Amino acid sequence: MTESLDLVATAVARWLAEPRGRPLVLGLCGPQGSGKSTLAGGLKTRFERDGKRVAILSLDDLYLSGAARAVLAARVHPLLRTRGVPLTHDVAIGVAAISALREGRPARFPRFDKAADEPVPEVAWETVEPPLDLLIFEGWCVGARPQPDAALAEPINPLEREEDSGGTWRRAVNAALAGPYADLFALIDRLVLLAAPDFAIVADWRLEQELTLRRQLLAEGRDPTGLMDQAAIARFVQHYERLTRAILAEMPDRADLTIHLDHRRWARETI
């Protein structure tokens, strides 16, 4: 990850030098477990050491509550009960936070507790005060675009084949990408992609994340029994598969910087 940090930091320093008159909004995209949070934290530390004011907003912190997702599951499709895909975030909060900082106003950043699968109470949200030099907006589908309708016709994994045979779920997700999420991602100035070598590695990386979270919860004296085992993760990542594959296929051609990772998350080439 050190090599990736050096590569991204060099590019960000160049982008920060461009005349803008407001914070640089850096979109950081990459599949689950690719190291986005670690990279974002490293960038924050490095640029703050150089006197810059930096904040991080994670797409994961915009997840809807379980109750809100239950409503979506009842009204649209049962698969929307599981957090992850577009439609399961509070996009309006993200737009409001990023827009406020771009305009020189304070912003409230939400937080999401993945162990509880619920947002953190608003009283515990972070307030970010301007002026800001760099806002890092990171998430697994940050900057993603909708797929052509024809690409949605055939299911790509057992989850879609068995639980979305009519395509209602994937069409709803795609429509969200073309609507509210497009407005959110339009606020990004520069886009960086951490590209996995293939989708198959994502389940392994996601399992590593779950094991790390388990250790953290145990260290804090919290109950880790709600976390996923390997079988649950194998099903869980199928929710992400369609869009992750689409991102890996099309985003390298338009991202401002693409870092191709190997299975150990080491940078093997950049574009």
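Bear in mind these aren't lab numbers, they're just calculated from the coordinates by the rules spelled out. Since the model is a prediction, treat every value here as computed from it, not as a measurement. Quick reminder, even Gly has a Cβ in these numbers, built from the backbone with ideal geometry, and neighbours come from all protein chains shown.
Computed over the chain, the alpha-carbon pair-distance distribution with 10 angstrom bins reads 6, 29, 38, 23, 4, 0, each value a whole percent.
Can you classify region 20-118 as rounded, prolate or oblate using the Cα gyration tensor, where a ≥ b ≥ c are the square roots of its eigenvalues, rounded means a/c under 1.5, and otherwise it's prolate if a/b beats b/c and oblate if not?
prolate
Distances between placed amide hydrogens fall under 5 Å for Val25 paired with Leu135, Asp189, Arg190, all partners being 5 or more residues away or on another chain. Beta bridges per DSSP, both residues in the chain: antiparallel share near 30 percent. For the chain, set up a Gaussian network in which alpha carbons nearer than 10 Å are linked by springs, and say which option among Ala100, Ala17, Ala68 fluctuates the most. The residue that fluctuates most here is Ala17. Taken as Cα centroids, region 71-94 and region 125-168 sit 11 Å apart, rounded to the nearest whole angstrom. Karplus-based coupling profile of region 238-244, in residue order and whole Hz: 5, 4, 9, 4, 4, 6, 4, with θ = phi - 60° in 6.51 cos²θ - 1.76 cosθ + 1.60 and x standing for Gly or Pro.
Once you have a ≥ b ≥ c as the square roots of the Cα gyration tensor eigenvalues for region 162-211, tell me rounded if a/c is under 1.5, and otherwise prolate or oblate according to whether a/b is larger than b/c. Cα axes put region 162-211 in the oblate bin. About its Cα centre, the chain has a charge dipole of approximately 340 debye under the convention of +1 per Lys or Arg Cβ and -1 per Asp or Glu Cβ, with nothing else charged.
Multiplying the residue separation of Val71 and Ala115 by 0.36 nm and removing their Cα-Cα distance gives an extension gain of 13.7 nm. Structural descriptor for region 2-259: relative contact order 28 percent, calculated from alpha carbon pairs under 8 angstrom and at least 6 residues apart. Estimated from the Cβ-Cβ distance and a Förster radius of 22 angstrom, the FRET efficiency linking Glu103 and Glu126 is about 0.75.
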